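Okay, structure first, notes after.
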């Protein structure tokens with residue numbers, strides 16, 4: 001059963017990705033258009049208006065905000081997928097050769 005608690009992570013605002021900046025601006029019902037520097041300035045102003053720290057922010061952790069320092073995850077095949085592809089090719093060739101010989 002879920003407790004309803006949301007995990008958060010403290011990050012420097014200058015290190016946020018554009019998608020994270022836009023998410024924070026959207027939560028505050030602010031404009032999400034512009035380049036990163038514009039989004040940073042807009043979020044800093046919003047935090048200042050809220051009397052919050054303008055250099056660090058607590059952001060909720062979700063699957064979308066996972067750190068991608070290990071490289072891009074989207075579109076990569078898993079090792080187990082790569083292994084079975086070769087096995088399937090060999091199996092189909094063996095089956096074909098067996099059926100052809102019969």
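What is the residue count in the range 1-18 for residues that are surrounded by fewer than 11 Cβ atoms within 10 Å (Cβ to Cβ) and either under 14 Å from residue 61 (Cα atoms) or at pLDDT 95 or above (or both)? Qualifying residue count, the range 1-18: 5. Of all residues in the range 26-37, those that are closer than 16 Å to residue 59 by Cβ have Cβ atoms under 6 Å from Cβ atoms of residues that are exposed (fewer than 12 other Cβ atoms within 10 Å of the Cβ), 6 or more apart or on another chain, in 32/26.
The values are calculated or read from the model by the stated rules, or taken from the named source; none is laboratory data. The model shown is predicted, which means the values in this text are computed figures rather than measured ones. Reconstructed Cβ throughout: ideal geometry from the backbone, glycine too, with neighbour counts over all protein chains shown.
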